[in-house]
1. Need the list of aspartates and glutamates near LYS214 for cross-linking: C-alpha distance under 15 angstrom, and skip anything on the same chain fewer than eight residues off.
2. If you average over every viewing direction, what projected area does the convex hull of the Cα atoms of the chain give, in nm²?
3. Once you keep just the Cα pairs under 8 angstrom separated by 6 or more residues, what percentage relative contact order results for segment 87-169?
4. Taking all protein chains as present, what is the carbon and sulfur share of the accessible area of the chain, in % to the nearest whole number, probe 1.4 Å?
5. How charged is the neighbourhood of VAL244? Take every other residue with its Cβ under 10 Å from the Cβ of VAL244, and add Lys/Arg as +1 and Asp/Glu as -1.
6. Straight-line reach only, C-alpha to C-alpha below 13 angstrom: list the aspartates and glutamates that LYS230 could link to, leaving out same-chain residues fewer than 8 apart.
7. What residue among THR9, ALA95, ALA275 has its Cα farthest toward the positive end of the dipole of the chain, where the charges are +1 on Lys, Arg and -1 on Asp, Glu, each on the Cβ?
8. Show me 92-102, 178-188 ranked by packing, highest mean number of other Cβ atoms within 10 Å first.
Amino acid sequence: MQSLMQKLTPSLRADRVNPELMRLINTILDASKDIAISVSQGALAGILGSTQHENVQGETQKKLDVIANQIIKDALLKNPQVRALASEEEDDVVAGSPTGAYVVAFDPLDGSSNIDINGQIGTIFTIYKARNDVPANSELQFQQQGKQQVCAGYVLYGASTLLVITTGGPTRCFTLDSKSNQFLLTVPELAIAKDTQEFAVNMANQRFWNSRFKDYISDLISGETGIRKKRFNMRWNAAMVGDVHRLLIRGGIFMYPSDSRDPKQPAKLRLLYEANPMAMLVENAGGKAFNESERILDIVPTTLHQRVPVIMGSANEVDSCLIYLR
Ligand code: AFP
């Protein structure tokens with residue numbers, strides 16, 4: 001069966017991806033395969049635990065955050081197509097080759113709190129065309145709307161190592177074959193169910209939500225006897241990559257709304273490294289992705305590490321949530 005499965009390159013060719021972009025995607029994926037080896041070795045590779053450092057987001061870096069960031073950064077800076085890179089773990093934009101055609105942003109290790117518990121973690125990445133009107137190391141390279149992404153994807157280091165990717169066409173899923181070390185196409189076209197009975201939100205933040213969002217969640221929880229007249233189930237992974245993967249496979253709604261915990265930081269998830277790539281993957285699989293008022297892919301970014309509320313997943317359920325929020 002395995003030999004009949006398509007490898008990544010023919011699939012990208014079918015999606016009319018040009019050879020330079022294809023090589024760039026492969027650079028990211030080769031790096032992710034190295035990360036996958038470290039993840040699978042766990043304590044044996046000395047990757048568990050924290051460093052003494054905080055990243056630009058004010059979060060204590062895990063050892064694997066630093067290792068994964070370095071692996072991807074080193075690989076990208078060797079690729080002449082990379083004009084610049086931005087990472088959740090880097091303070092500033094890092095310039096690459098002045099003639100590179102693309103800029104790449106990534107969250108090297110999403111779901112850091114799951115590293116030490118052997119839970120789901122992943123690498124999220126996005127690629128834009130480089131801008132010729134601003135310097136390579138300018139933040140403006142990355143202040144492009146999400147709808148301008150030429151590729152978005154994640155590698156999920158779970159029970160299997162999976163790649164979910166779109167280059168503007170369908171959102172496709174590949175599984176890393178440990179024998180050939182190749183990503184093989186296992187779901188040619190992901191399609192998110194329009195309706196769902198499953199939601200993902202961190203309920204511990206409830207007291208910090210606005211009243212409209214509280215009302216929406218309360219109506220989900222009230223089940224068959226409530227206004228929604230159906231029973232909803234809840235799941236929370238603490239890793240967006242795992243939660244979004246679940247909704248791509250069996251439908252669902254993933255929410256990280258604005259909250260009042262920290263007035264300087266009204267939302268948690270990062271637009272560039274998390275919200276935009278996931279929004280493109282979700283939309284290209286038939287789902288919807290909004291902050292609380294507009295389509296995520298339409299947001300004009302203003303800063304590199306900007307954070308936004310996120311509501312994404314099954315189209316009809318996202319619409320229902322937005323009715324409460326408006
Ligand atoms: P880390 O990668 O810093 O652990 O954060 C993961 C994340 O950005 C996103 O992947 C999760 O959905 C969310 O944060 C989890 O947040 P909680 O800490 O509220 O569970």
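The values are calculated or read from the model by the stated rules, or taken from the named source; none is laboratory data. What you see is a predicted model, and the numbers here were worked out from it, not measured in a lab. Quick reminder, even Gly has a Cβ in these numbers, built from the backbone with ideal geometry, and neighbours come from all protein chains shown. Just so you know, the surface numbers come from the protein's heavy atoms only, side chains and all, with ligands and any DNA or RNA stripped out. Shrake-Rupley method; radii C 1.70, N 1.55, O 1.52, S 1.80 Å.
1. Candidates past the 8-residue exclusion: ASP259, GLU292.
2. On the way: hull surface 66.3 nm².
Average of the hull's projected areas for the chain equals 16.6 nm².
3. Working: 132 pairs, mean separation 21.6, N = 83.
Here the relative contact order equals 26 percent.
4. On the way: 6890 of 14000 Å².
That fraction is 49 percent.
5. Numbers: positive: ARG246; negative: ASP110, ASP243, GLU274.
Taking every other residue near VAL244 into account, the sum is -2.
6. ASP195, GLU198, ASP219, GLU317
7. Of THR9, ALA95, ALA275, it is THR9.
8. Values: 92-102: 17.5, 178-188: 15.1.
Per-residue Cβ counts within 10 Å, averaged per peptide and sorted highest first, yield 92-102, 178-188.
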